[in-house]
């Protein structure tokens with residue numbers, strides 16, 4: 001974790017981060033108001049600048065932290081011995097929900113950075129921060145022999161990922177708007193779709 005973040009007392013840290021993630025994700029860098037950040041974080045403007053020095057520095061620290069939380073740290077939590085693509089993808093998105101519970105606007109912030117930097121620039125940045133997750137999540141040690149020989153594996157994996165992602169993104173929106181999440185319901189719905197997807201993509205012996 002960035003040294004600046006480490007030096008902020010825990011009682012203030014998440015308030016500042018969540019306020020800043022929300023403000024930047026809503027308005028982008030140019031239109032973000034540090035006044036709004038400090039009001040929502042319940043701190044003084046002087047204290048914000050004491051920690052970060054400038055809005056530019058705050059933004060850079062947030063980009064680094066967001067990449068660290070969403071990508072680099074996740075590498076250590078993934079069970080890379082899990083060879084089933086469905087269970088691998090579920091692992092990742094369960095971690096994503098856990099992160100979103102603590103930082104609801106973090107993934108919106110990453111999307112806003114993607115818009116401001118350009119998708120290819122952000123992808124390059126993320127791949128530098130966490131090459132293992134970026135390159136290996138959907139490929140490393142995955143048993144592709146389970147897939148039917150007649151289908152396009154790459155497209156099938158995309159469909160699997162997008163299906164699970166749809167429900168996880170809905171769960172994160174519920175955290176943002178309602179401060180609630182029904183994880184049991186989310187994973188029941190996901191598992192029901194996984195049954196259908198296995199019939200569509202796996203050989204009969206693996207359904």
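Which residue, of 25, 83, 11, is out of contact with any strand residue (DSSP E or B) (no Cβ under 9 Å at 6 or more places or on another chain) and without any contact (Cβ under 8 Å) to a residue 24 or more places away in the chain?
Values: 25 fails: without any contact (Cβ under 8 Å) to a residue 24 or more places away in the chain; 83 fails: without any contact (Cβ under 8 Å) to a residue 24 or more places away in the chain.
Testing whether each residue is out of contact with any strand residue (DSSP E or B) (no Cβ under 9 Å at 6 or more places or on another chain) and without any contact (Cβ under 8 Å) to a residue 24 or more places away in the chain leaves just 11.
Which members of the stretch 46-67 meet the condition of being farther than 30 Å from residue 143 by Cβ and either assigned to a loop (DSSP other than H, G, I, E, B) or in contact (Cβ under 8 Å) with a residue 60 or more places away in the chain (or both)? Spell out how you get there, then give the answer.
Let us first name the residues in the stretch 46-67 that are farther than 30 Å from residue 143 by Cβ, namely 46-66.
53, 54, 63, 64, 65, listed by residue number.
State whether the residues of the stretch 27-38 include one that is crowded, with 18+ Cβ neighbours inside 10 Å, modelled with pLDDT of 90 or more and closer than 23 Å to residue 100 by Cβ.
yes
Sort out which residues of the stretch 21-32 are within 22 Å of the chain's Cα centre (by Cα) and not in a loop (DSSP other than H, G, I, E, B), and write them in order of number.
To start, the set of residues in the stretch 21-32 that are within 22 Å of the chain's Cα centre (by Cα) comprises 21-29, 32.
Passing the criteria: 21, 22, 23, 24, 25, 26, 27, 28, 29.
Of 18, 35, 79, which residue is on the phi < 0 side of the Ramachandran plot and not in a helix (DSSP H, G or I)?
Working: 18 fails: not in a helix (DSSP H, G or I); 35 fails: not in a helix (DSSP H, G or I).
Going through 18, 35, 79 in turn, the sole match is 79.
Whether any residue in the stretch 74-91 is surrounded by 20 or more Cβ atoms within 10 Å (Cβ to Cβ) and farther than 21 Å from residue 157 by Cβ is what I want to check.
Looking for residues that are surrounded by 20 or more Cβ atoms within 10 Å (Cβ to Cβ) and farther than 21 Å from residue 157 by Cβ, one finds none in the stretch 74-91, hence no.
Quick test of your reading of the structure: residue 141 fulfils all but one of (1) at pLDDT 90 or above; (2) outside any helix (DSSP H, G or I); (3) surrounded by 14 or more Cβ atoms within 10 Å (Cβ to Cβ). Name the failing condition by number.
(3)
Looking only at residues that are touching a strand residue (DSSP E or B) at 6+ places or on another chain (Cβ under 7 Å) and outside any helix (DSSP H, G or I) in the stretch 144-190, which one is farthest from residue 90 (Cα to Cα)?
148
The values are calculated or read from the model by the stated rules, or taken from the named source; none is laboratory data. Predicted model, so just to flag it, every value in this text is computed and none were measured. FYI the Cβ positions are ideal-geometry reconstructions off the backbone, even for glycines, and counts take in every protein chain you see.
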